[in-house]
Amino acid sequence: MKLYYTPAACSQAAHIIARELGIPLELVRVDLARHVLADGSDFHAINPKGYVPLLVLDDGTALTEGSVILQYLAGLHPGVVAPAPDDPARWKLLEVLAFISTEIHKGSSLLWNPAVTDPVVREILVRKLGANLALLEGQLADASFLVGDAFSVVDAYLFVLLNWMRIKQFDLSAWPRLVAYHARLSARPSIAAALQAEGLKK
């Protein structure tokens, strides 16, 4: 399988999960600023959506959308980084996955967009993101992970987004459990290996 990725982008969540599960991937780096691959070829020719992640299976099937790719990879080893299909806990995981994808990922992405300069709009975005982070903070009150008692796809996804916030110097001090959670996950071997492979950690 090939994972088309950009360092530190949301494709990193799929990269982490593949390493967590021991799934071999060929990593293909994408320059999202120019939408080209290392050989200069047009990324749009492979993925008309123009963004990562893109997972190309061994039979040539192309999958896009991070949450779908995470579920596909998890399905290769049922019950390890996501509840098995017949486990009722799967619905809670899908709920949290959807929340992270729509509310945290998309909500925070607007803050990093240099075109969003209106201070009123930015304040609304900050308040909304803060309220959503508070919900996740609450979920970690008596837990080490977001769903159940083990690392899952939602933890990999949220780690990447919290890392964005750290890189962008978004103040997370109001949510100390999330800060501690991010620090714990940073030490996880699969995460450390993915960061190193993407050139983000020595």
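Per-structure values
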quantity	calculated
Residue check, residue 159 crowded, with 17+ Cβ neighbours inside 10 Å and in a helix (DSSP H, G or I)	yes
Residues located in the range 12-36, provided they are among the acidic types (Asp, Glu) and more than 17 Å from residue 50 (Cα to Cα)	20, 26
Matching residues, the range 151-179, being touching a residue at least 40 places away in the same chain (Cβ under 8 Å) and of a type in the set (Gly, Ala, Ser)	152, 156, 174
Selection from the range 88-127 of residues that are surrounded by fewer than 15 Cβ atoms within 10 Å (Cβ to Cβ) and either in contact (Cβ under 8 Å) with a residue 12 or more places away in the chain or within 25 Å of residue 14 (Cβ to Cβ) (or both)	89, 91, 95, 98, 102, 106, 109, 112, 113
Near pairs, Cβ below 7 angstrom, 6+ apart or cross-chain, from the range 56-73 (farther than 18 Å from residue 151 by Cα) to any residue that is of a type outside the set (Gly, Ala, Ser) and part of a helix (DSSP H, G or I)	63/69; 63/72
Selected residue (criterion: surrounded by the most Cβ atoms within 10 Å (Cβ to Cβ)) from residues of the range 1-60 that are among the small types (Gly, Ala, Ser), under 21 Å from residue 75 (Cβ atoms) and over 14 Å from the mean Cα position of the chain (by Cα)	22
Residue in the range 10-30 that is more than 23 Å from residue 186 (Cα to Cα) and assigned to a helix (DSSP H, G or I) present	no
Residues being of a type in the set (Gly, Ala, Ser) and assigned to a helix (DSSP H, G or I) - total across the range 124-156	5
The listed residue being farther than 21 Å from residue 145 by Cα, part of a helix (DSSP H, G or I) and hydrophobic (A, V, I, L, M, F, W, C), out of 121, 96	121
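Readers should treat all values here as calculations from the given coordinates under stated rules, not as data from a laboratory. Worth saying up front: this structure is predicted, and the values here are computed from it rather than measured. So basically every Cβ, Gly included, is an ideal-geometry build from the backbone, and we count neighbours across all protein chains shown.
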